[in-house]
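> Structure incoming, see below.
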Amino acid sequence: MTIATIDTVATGVPTELARGRGGGGPAPKRIVVAYGFWIFILSDSVMFSGLFAAYAVLSGNTAGGPTASELFNLRNVFIETMCLLFSSYTCGLGALSAERRQPARFLSFAALTFVLGAAFLFIECSEFAGMVEKGAGPSRSGFLSGFFTLVGTHGVHVTSGLIWLIYLVAQVIAKGLRPAVLRRLLCWSLFWHALDIVWVGVFTLVYLMGDFQ
């Protein structure tokens, strides 16, 4: 058998059956990006699970300080919750507009999402500032340490999401709705919806259940 014959036999093997070729070559970039981003979302979920567990353990340790029912204003919390829920809705509409190649509609919904997310952060920061003025800072008790850590970490994620949104809007304006930009928009949309789900847990465990303590 000549070298030419060997090469012909080797290259004649179907690519999907050839060993050492990853079943036909590397996976498409969209699959790699989606897989990696889901791993990030899951790891973030594990982190928040730990923060929820820590808060549940520390929620009763007030050290003689103010309790949740004395500190929380459920009216303001309801308003900020509605802001985040509606921002998730406008985020979904923006993602649909991007998939349909409607950049003007996407930019409008992105602006609404940003405004609602910023309003959520403003109410949350106002709540933190008011608690600190009353002497209920994170060092006052175990309960407040757990509260500020859990809610503050979520707030940092929302801030990161808004900065990310600004970056994506700039990319859409500069590059248009290219496939690479659409992938990034999809990842951001998943991230934003995940923050919405986490906040529902915060609203239930921290604020609603805390109001009965």
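The values are calculated or read from the model by the stated rules, or taken from the named source; none is laboratory data. Here the structure is a predicted model, which means the values were calculated and not measured. Quick reminder, even Gly has a Cβ in these numbers, built from the backbone with ideal geometry, and neighbours come from all protein chains shown. Ligands, DNA and RNA are excluded from the accessible area calculation, which covers all protein heavy atoms including side chains. Shrake-Rupley method; radii C 1.70, N 1.55, O 1.52, S 1.80 Å.
> Which value, in Å² rounded to 10, gives the accessible area of Phe48 with a 1.4 Å probe and all protein chains present?
10 Å²
> Could you do me a favour and compute the accessible area per residue for the range 47-181, 1.4 Å probe, result in Å²?
On the way: 6550 Å² over 135 residues.
Ligands and nucleic acids excluded, the result is 49 Å² per residue.
> Moving on. Once you charge only the Cβ atoms, +1 for Lys and Arg and -1 for Asp and Glu, what is the size of the charge dipole of the range 63-213 about its Cα centre, to the nearest 20 debye?
On the way: 10 positive and 8 negative charges, 169 e Å.
Its charge dipole is roughly 820 debye.
> While we're on this one: Could you please report the charge total around Leu93, scoring K, R as +1 and D, E as -1 over all other residues with beta-carbon less than 13 angstrom from its beta-carbon? Intermediate results must be reported in sequence, preceding the final value.
Working: positive: Arg100, Arg105; negative: Glu99.
Every neighbour counted, the sum reads +1.
> Please name whichever of Gly135, His157, Thr204 sits farthest to the positive end of the charge dipole of the range 94-213, dipole taken about the Cα centre and charges placed at Cβ: Lys and Arg +1, Asp and Glu -1.
Farthest towards the positive pole: His157.
> Check Asn61: other-chain or 5+ apart residues with amide H under 5 Å from its amide H, H built from backbone geometry?
Residues meeting the amide H criterion: Phe143.
> For the range 95-188, take the alpha-carbon Rg, divide it by the Kirkwood Rh, and send me Rg/Rh. List each step's numbers first, then the result.
Values: Rg = 17.5 Å, Rh = 15.1 Å.
Checking Rg against Rh, the ratio lands at 1.16.
> Measure out, as a whole number of angstrom, how far apart the alpha-carbon centroids of the range 155-201 and the range 85-120 sit.
Centre-to-centre (Cα) distance: 10 Å.
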